[in-house]
Amino acid sequence: MSDITWPSDVNPQFPVEIDERFSTHRTPFETGHTEKRARWSRGLRTIRLTWATATQDEVEKVQSFAQKVRGATPFDWALLDPEKKPRPYGPATLGQVVGGVLGARTRYVKFTWADSSDNETEASYEYDSLAISSSYLLTATVPIWPQGVAKAYVYVGPSAGTYYRQTTPITTLGGTWTEPVGGYSTGGSSPPSSNSFVEVITVTLVEDRLAVRKVKHNAYAMSVLLAEDRA
């Protein structure tokens, strides 16, 4: 998240075009041959904002804001109609480590993404289960999370239909939750039934460029291209 936010009273008209790329070509100048591979651990998005008939005031405010964030200064942007952060798809990676005196058991695990204010997605589409040996503790490692995610909550249960949120979230990228020596908590809430995690994207202006064309009196066609910040 950035300390600078796109001015909320200057919102583009629809449509807003968002393009997400998970891989990129590398040229012979870099490798000696052309290859295509995943360059980033998560998809990076470009967003094109378009106004068909922006007013003079809107153009001036966007121009002023562009001056403020020129030179690849990151800022936060969100749609006027709030988009929700997609829930995780695949399951956590489960394992076990020596510890405690619990007997053999099988546990089921899902997880969610959450922001710093504890707004959460719904639980992952997929779950996983593990038969845990006596005197071992369950571990759950989450994938590298998307931009804007501050933590992941792990949900553990005795069956594929029953899960309880664990007290301590994962707060490191691709981190691991470890079961307490007394066993997982059954006092936590069930997975959220709806998504409360509103999508906010940290972006920069592409090439510090703002395209403006006057179409009639006090009406301008305007286009801004944003790129998701890699940080």
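Things to note:
- Projected area averaged over orientations for segment 98-139, convex hull of C-alpha atoms, nm²: 3.9
- Space enclosed by the convex hull of the alpha-carbon atoms of segment 93-178, per residue, Å³: 89
- Angle between the chain longest axis and helix 56-68 axis [Cα atoms, degrees, rounded to 10]: 60
- Normalised by the number of residues in segment 93-178, the mean separation of alpha-carbon contacts (under 8 Å, six or more apart) gives a relative contact order of 34 percent.
- Stokes-Einstein D in µm²/s, Kirkwood radius over Cα pairs - the chain at 25 °C with 0.890 mPa s viscosity: 120
- By average C-beta atoms within 10 angstrom, highest first, the peptides 99-111, 202-214: 99-111, 202-214
- Structure note, pairs LYS85/LYS110; LYS61/LYS216; LYS61/LYS214; LYS110/LYS151; LYS85/LYS214: Cα-Cα distances above 26 angstrom occur for LYS85/LYS214.
Taken together, the values in this text are just the output of simple stated rules run on the coordinates, not laboratory data. Keep in mind that what you see is a predicted model, and the values were worked out from it rather than measured. For neighbour counting, all protein chains shown are included, and Cβ atoms are generated from backbone atoms with ideal geometry for every residue, glycine included.
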